[in-house]
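Asks: Here you go, one structure.
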Amino acid sequence: MRTMWVCLAVAALAGAQEPASVFQNVCAKCHPPEAVVTPRSRTEWQETINKMVDMGAKVSAEERTILLDYLTATYAPGAAGGPGGRGGRGGRGGGGGPTLNGAPLDRHVVDPDAANRGRTVWVAQCIECHGTTARGTDKGKNLIQSDMVLRDRYGSTLVPFLAKGHPMQSGRPSASLSKTEVADLSHFIHERVYDTLRGSSIFQPQNLLTGNAKAGEAWFNGAGKCSTCHSATGDLKGIGGRFDPPTLQGRFLFPRGGGRGGRGGGKQLTLTITPANGAAVTGVPVVFDDFDVSVRDEKGEVHAFTRSAQLKVVRNDPFAMHDQLLDVYTDKNMHDMLAYLVTLK
Amino acid sequence: MKRIAIVPVLALAAALVAQPPTTSWPTYHGDNTGRRFSPLTGINDKNISGLATAWTFRAGAGGSLKSTPLMVDGILYLTAPDHVWAIDARNGKEIWHKAFETKGGWHIGNRGVGISGNWLFFLTPDCQIISLNLKDGSERWRKQNCDLDQFYYGSMAPMIVKNKVIAGVSGDDLDRPGYLTAYDPETGDQKWRWSVVPLKKGDAGSETWPNEEAMRHGGGMTWQMPTYDPDLNLIYITTGNPQPVIAHANRKGDNLFTGCIVALNADTGKMVWYFQASAHDTHDWDSTQVPVLIDGQIDGRPRKLLAMAARNGYYFLLDRTNGKNIVTAPYTKPNWAKGIRPSGTPEPDPAKHPQVDGALVTPNQGGATNWPPPTFSPADRAVLRGSVAGVQRVLHFRSGSRQPAGLGRHRSRRRESEFVGGGDRLQDRQDPLVP
């Protein structure tokens, strides 16, 4: 599937509300019109705009509508091609926010400033019963699980609910909250809902340093056999100052950069292929499956073979020792090793 | 690790629940047994290397194709989220294409359609179940199968059983309960709905949850198309992990009927038996692998069996008339259980629950296997499956909240801390009847 990912920066807008001008002023600063090449359906444009807003762009509801109409009309899918590139859908959202893959397109999009104002209302009126994270206490419901909250958009269900009267901690009648105050509250509560989703920054590794550095050092030089290849005063000198503990833990357990197959790191998996009649070749795998194998050698030349019983294929895996250790480590070994490695400043 | 002591003397009988299809592929699994094994021999190990491309169909929309195409009367029915195509199997020409305007939901994948007579059934990411005319893709009816505001979505291939369309739900971001629904194929009216988790105290399984709040938000998605035994009139549905999955403190207990294989009466949707593959899962291992129906002999007696290789690294063989466990055997090297209960369910080791400083756990998050289905070859007496061996991850408990919620997982910039080391993807085979 061809993926063409065009980002739209929707910046705060001041001035004219003529559609082309809105686009020109808001988007074209970073994305000249000729770069907006992927046609999208209306719902896809809606999603793209939502994504930009999720990433921090500020744009009023009115401007969003103008942009949506304009983009849909100007960059619609071609007649022949059907709905255009969907490459971005289902991907990992940009920026540092949570992944909103499961959300409805018409979801409440959080305005961080409004959410901050809402926090003030929350602290004054709601926090005692519903808790700091809106997940409830003995005195009040968990609001991130409330269907009414999940259906709410910018106060649409909260305004009528609070107008009917709901106890507030200050004693002030809930009906006296202004529409803006409730909308701000809605932003704050939706921010808490989205905080529970995958990718939310509230889920951070906490204290990983529970091990014993001395025991880790002994393991490094003893049973773990790490000192066969590594040295605390050589290649690992200062490693404790270069990485935070979660990163360091990940690196000694799973040293392959970029995940499976080891792409992206300095060292790479290579294959040595020996045909029944012919010289052995060694190189980085290009294709390696049940039927075919091919490698790119040092000169950049690709050698391709059909797999058979007569064709010998040997994996030369620079991380094989690390892989073997995964079956050896106890959790204590792992924690001790980390405690030791962070001391190598 | 304690292995089970029962090693039955076994022989496999040739009797089959139903003959596998040879001129069509009318359901996601090919038939209702989940065996996915074609008796056709035209393509075999001698000539597979000589296969060449006959045609290519360019979908041109829809993202990744993760569906099993159905074939009925020489026409292939292929899907992606929001899209259904009918393609001539002889030349790859599009006969019709239906694209649905979406209201959202996760567009991660769609497994395919269900077909009954002249009608096709399809789930969309925005929670619709839709019936289309097989001939031209025109819409007959649509119903709401779930609530998008609760972050449910649709991805499963619907199943057709006894004049019912069976549809599951997907979505595990907001601690919602899973369920399975039967619809009338003609009208779309609901015939029954089975809730995976108990919804109130006193319901079956409620003793395995601390309170109603926990069970009502207990997860258990129904991602996988069930299998079906017409003689027993039982639907076999497999269920997803409990929620909140990593932050498990507020759901003490086994959390029935998440992580289970469950037999439901096809007429009523009532549970007849269950077997739990993962009790109180804390690793995000949906137990929604395909429950494969096998007929065999144990100690000289013909038996109706059900085999499932679970994402948690264990293979299970059950008596599918009553759910009694016959075999529990690890097929990778799972390290998260400290033994096997008399029931055959592995006993979770609390030390391998997510820990603040990290627990080294295998299989990794993706599991020893996942949704890609296995196959069963009666002639070879083997379950063939794609599995991943030797994969591990460090599982960190990352939430400081006393009211845990959600998946509780941060998307790490560096993937190592949750990714695999040296995992090999394997095609392995196992005699279904022995550990």
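Asks: Rounded to the nearest 10 Å², what accessible area does B:Tyr314 have for a 1.4 Å probe in the complete protein model?
Replies: Only protein atoms counted, so the area is about 0 Å².
Asks: For the full complex of protein chains and a 1.4 angstrom probe, list B:Lys98, B:Lys324 by accessible area with the highest value first. The partial results should precede the final answer.
Replies: Values: B:Lys98 55, B:Lys324 130 Å².
Of B:Lys98, B:Lys324, the descending order of accessible area is B:Lys324, B:Lys98.
Asks: Okay, next question. Per-residue Cβ counts within 10 Å, from other chains only, averaged over B:352-362: what number is that?
Replies: The mean count of partner-chain Cβ atoms within 10 Å per residue comes to 5.
Asks: Amide H to amide H, which residues 5 or more places from B:Ile95 or on other chains are under 5 Å from it, using H placed in the peptide plane?
Replies: B:Ala86, B:Ile87, B:Asp88
Asks: Right, here's the next one. Read phi for every residue in region B:338-345 and hand back ³J(HN,Hα) as whole Hz from Karplus 6.51 cos²θ - 1.76 cosθ + 1.60, θ = phi - 60°, with x for Gly and Pro.
Replies: 9, x, 10, 5, x, 6, x, 7
Asks: Give the share of C-alpha pairs in each 5 angstrom bin for region B:186-233, from 0 to the last occupied bin, in whole percents, shortest bins first.
Replies: It works out to 4, 17, 18, 16, 18, 15, 9, 2, 0, in whole percents.
Asks: Just to verify a number: FRET efficiency for B:Glu213 and B:Asp267, C-beta to C-beta distance, R0 = 22 Å, to 0.05?
Replies: In this case the efficiency is close to 0.10.
Asks: Calculate the length of the line joining the C-alpha centroid of region A:186-258 to that of region B:77-110, in whole Å.
Replies: Cα centres, region A:186-258 to region B:77-110: 43 Å.
Asks: Of all the C-alpha pairs in region A:147-269, what % are more than 19 Å from each other? Could the numbers behind the result be given before it?
Replies: On the way: 5134 of 7503 pairs.
Counting pairs separated by more than 19 Å, the tail of P(r) holds 68 percent.
Asks: OK, next. Out of region B:172-216, which GluC sites (Glu not before Pro) are coil in DSSP terms and have no more than 16 other C-beta atoms within 10 Å?
Replies: B:Glu186
Asks: Provide the solvent-accessible area of B:Phe376, counting protein heavy atoms only and rolling a 1.4 Å probe, rounded to the nearest 10 Å².
Replies: Surface open to solvent at B:Phe376 totals about 10 Å².
Asks: Then there's this: Return an integer: the convex hull volume of the alpha-carbon atoms of region A:173-225, in Å³ per residue. Intermediate values should be presented prior to the final figure.
Replies: On the way: hull volume 6.6 nm³, N = 53.
Convex hull volume per residue, Cα atoms: 124 Å³.
Asks: Please give the net charge around A:Glu18, taking every other residue with its beta carbon less than 14 angstrom from that of A:Glu18, where Lys and Arg add +1 and Asp and Glu add -1.
Replies: Within the 14 Å Cβ shell, the charges total -3.
Asks: Which order do the peptides B:38-49, A:213-224, A:270-281 come out in when sorted by mean C-beta neighbours inside 10 angstrom, highest first?
Replies: The peptides rank, most packed first, as A:213-224, A:270-281, B:38-49.
Asks: Per residue, how much space in cubic angstrom lies within the convex hull of the C-alpha atoms of region B:165-290? Don't skip to the answer; put the middle values down first.
Replies: Details: hull volume 12.2 nm³, N = 126.
Dividing the Cα hull volume of region B:165-290 by its residue count gives 97 Å³.
Asks: Something else about it: For region B:75-199, compute the orientation-averaged projected area of the C-alpha convex hull (one quarter of its surface), in nm².
Replies: Numbers: hull surface 30.8 nm².
So the Cα hull casts an average projection of 7.7 nm².
Asks: I've got another one for you. Quick one: which residues, 5 or more positions from B:Val356 or on another chain, have an amide H under 5 Å from its amide H? H modelled 1.01 Å from N in the peptide plane, none for Pro or chain starts.
Replies: B:Phe397
Asks: Another one. Sorted from largest down, give the three principal axis spans of the alpha carbons of region B:15-157, whole angstrom values.
Replies: Principal-axis extents of the Cα atoms in region B:15-157, largest first: 52, 38, 26 Å.
Asks: Show me, for region B:196-207, the HN-Hα J-couplings you get by feeding each phi into the Karplus relation (A = 6.51, B = -1.76, C = 1.60, θ = phi - 60°), rounded to Hz, glycine and proline as x.
Replies: 5, 9, x, 9, 8, 3, x, 5, 3, x, 5, 5
Asks: A further question on this structure: At 7 Å along Cα-to-Cβ for each site, give me the label-to-label distance between A:Arg315 and B:Arg90 in nm.
Replies: 4.6
Asks: Take the alpha carbon atoms of region A:282-345, find their radius of gyration, then divide it by 2.2 N^0.38 Å using N residues; give the quotient.
Replies: Details: Rg = 18.5 Å, N = 64, 2.2 N^0.38 = 10.7 Å.
So region A:282-345 has a normalised radius of gyration of 1.73.
Asks: Oh, and also: Take the Cα gyration tensor of region A:199-345, multiply each eigenvalue by 5, square-root it, and list the three semi-axes largest first, rounded to whole angstrom.
Replies: So the three semi-axes of region A:199-345 are 37, 17, 14 Å.
Asks: Related question: List, in order, the whole-Hz ³J(HN,Hα) value for each residue of region A:294-303 obtained from phi through the Karplus relation with A = 6.51, B = -1.76, C = 1.60 and θ = phi - 60°; use x for Gly and Pro.
Replies: In residue order, the calculated couplings are 9, 10, 9, 7, 4, 7, x, 7, 9, 10 Hz.
Asks: Let's test the formula: R0 of 30 Å, r as the Cβ-Cβ distance of A:Arg153 and A:Ala73. What FRET efficiency results, to the nearest 0.05?
Replies: For A:Arg153 and A:Ala73, the calculated efficiency is 0.75.
Asks: Here's something else I'd like to know. For region B:274-323, what log10 I(q)/I(0) values come out of the Debye formula at q = 0.14, 0.15, 0.32 1/Å, with one point per alpha carbon and no solvent?
Replies: -0.39, -0.44, -1.26
Asks: If you don't mind, another one. In Å, the Kirkwood hydrodynamic radius of region A:104-191 over pairs of distinct alpha carbons? Walk me through the intermediate numbers first.
Replies: Numbers: mean 1/r = 0.0784 Å⁻¹.
It is 12.8 Å.
Asks: Using the C-alpha atoms of region B:228-305, what convex hull volume per residue, in cubic angstrom, is computed?
Replies: Output value, Cα hull per residue: 102 Å³.
Asks: Sort A:Tyr75, B:Tyr152 by accessible area with a 1.4 Å probe, largest first.
Replies: Working: A:Tyr75 40, B:Tyr152 10 Å².
Largest accessible area first, the residues go A:Tyr75, B:Tyr152.
Asks: Quick one: grab Rg to one decimal and Dmax as a whole number for region B:24-76, Cα atoms only, in Å.
Replies: Considering region B:24-76 through its Cα atoms, Rg and Dmax are 13.8, 36 Å.
Asks: Once amide H atoms are placed 1.01 Å from N in the peptide plane, what residues at a sequence separation of 5 or more from B:Tyr153, or on another chain, have their amide H within under 5 Å of its amide H?
Replies: Amide H neighbours of B:Tyr153, under 5 Å, 5+ apart: B:Ser170, B:Gly171.
Asks: Around B:Ile166, with a cut-off of 11 angstrom between Cβ atoms, what is the net charge of the other residues, counting Lys and Arg +1 and Asp and Glu -1?
Replies: On the way: positive: B:Lys162, B:Lys164, B:Lys191, B:Arg193; negative: none.
Net charge in that neighbourhood comes out at +4.
Asks: While we're here: Calculated FRET efficiency, A:Lys332 and A:Ser201, Cβ-Cβ r, R0 25 Å, to nearest 0.05? Could you put the intermediate results ahead of the total?
Replies: On the way: r = 30 Å, r/R0 = 1.20.
So, using R0 = 25 Å, E works out to roughly 0.25.
The values are calculated or read from the model by the stated rules, or taken from the named source; none is laboratory data. Just so it is clear, the structure is predicted and the values come from calculations on it, not from any experiment. In this analysis, Cβ positions are derived from the backbone assuming ideal geometry, glycine residues included, and neighbour counts consider all displayed protein chains. Only protein heavy atoms, including side chains, enter the accessible area calculation; ligands, DNA and RNA are left aside. Shrake-Rupley method; radii C 1.70, N 1.55, O 1.52, S 1.80 Å.
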